[in-house]
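Asks: Below: one structure in structure tokens.
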Amino acid sequence: MKIPKRLSLNTARTLFLILSMFFLQVGCALTTRDAITYHTFNYPSPPTEKTSVSPDTLMVYHFLLDPEIEMHTLAISCEKGSEKSILKHRWQENPADMITELVLRDLKASGLFARTVDQLSTARYRYALEGLIRQLQGEIKNGKAFARLVIEVSLMDFDAPLGMDKSLMRETYRFEVPSVDSKPESIVAALNQALKDFSTRLRTDIRAALDRHSAKSKR
């Protein structure tokens with residue numbers, strides 16, 4: 001059966017539109033993928049100190065993420081209390097992995113312990129550091145943007161003398177760092193600054209905890 005010429009042209013146009021939409025969608029998908037920005041945390045390592053406060057080894061356990069925290073994409077809380085994930089702005093790695101690596105790096109450089117190792121190490125250790133990330137996000141309120149970081153940390157001494165508390169330190173760190181604007185890149189930069197501030201304060205508190213512990217042990 002011969003298809004009328006007019007019907008053939010209409011069919012051809014329909015097929016063309018369908019194929020055009022298909023390739024447009026594929027093209028958009030590729031463009032969207034190419035347009036995705038991956039973010040990471042990084043800042044200069046602190047100066048290395050040669051004098052150790054403790055002759056023992058510290059193990060840094062892998063920090064954990066609160067189940068409410070968005071693991072893959074940047075989360076920004078808006079003024080009305082809603083929260084949205086910026087799908088085109090994603091984390092290069094699990095935020096907990098990045099934070100753990102930086103804390104480990106900074107503690108190694110600090111000279112607080114004779115040796116600082118990660119959770120994969122088989123080395124014998126006396127001290128252990130644990131962390132739980134409670135909040136990691138941007139916030140836009142009253143037209144201003146902020147980065148919010150909340151981390152709970154505990155330091156344990158597994159070789160504490162009999163009768164002494166094995167817990168040397170339990171702290172909750174809260175940081176609110178202003179962002180220059182509400183762009184995702186700026187909020188990530190503010191989060192990065194918050195993380196740097198956290199690491200600095202953490203090392204100061206660990207040093208103080210070790211000094212207190214040493215003083216108690218000598219009594």
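Asks: Return, for the Cα atoms of the range 82-155, the radius of gyration and Dmax in Å, separated by a comma.
Replies: 16.2, 51
Asks: If I take the Cα coordinates of the range 87-219 and project them onto the principal axes, what are the three extents in Å, biggest first?
Replies: Its Cα atoms span 55, 31, 22 Å along the three principal axes.
Asks: Is there a quick way to get the dipole size of the range 46-149? I mean about its Cα centre, with the Cβ of Lys and Arg at +1 and of Asp and Glu at -1; what is the value in debye to the nearest 20?
Replies: That gives a dipole near 200 debye.
Every number in this text was worked out from the coordinates using simple rules, so none of it is lab data. Since the structure is predicted, the reported quantities are computational estimates derived from the model, not experimental observations. No Cβ is skipped: glycine too gets one built from the backbone with ideal geometry, and neighbour counts run over all protein chains shown.
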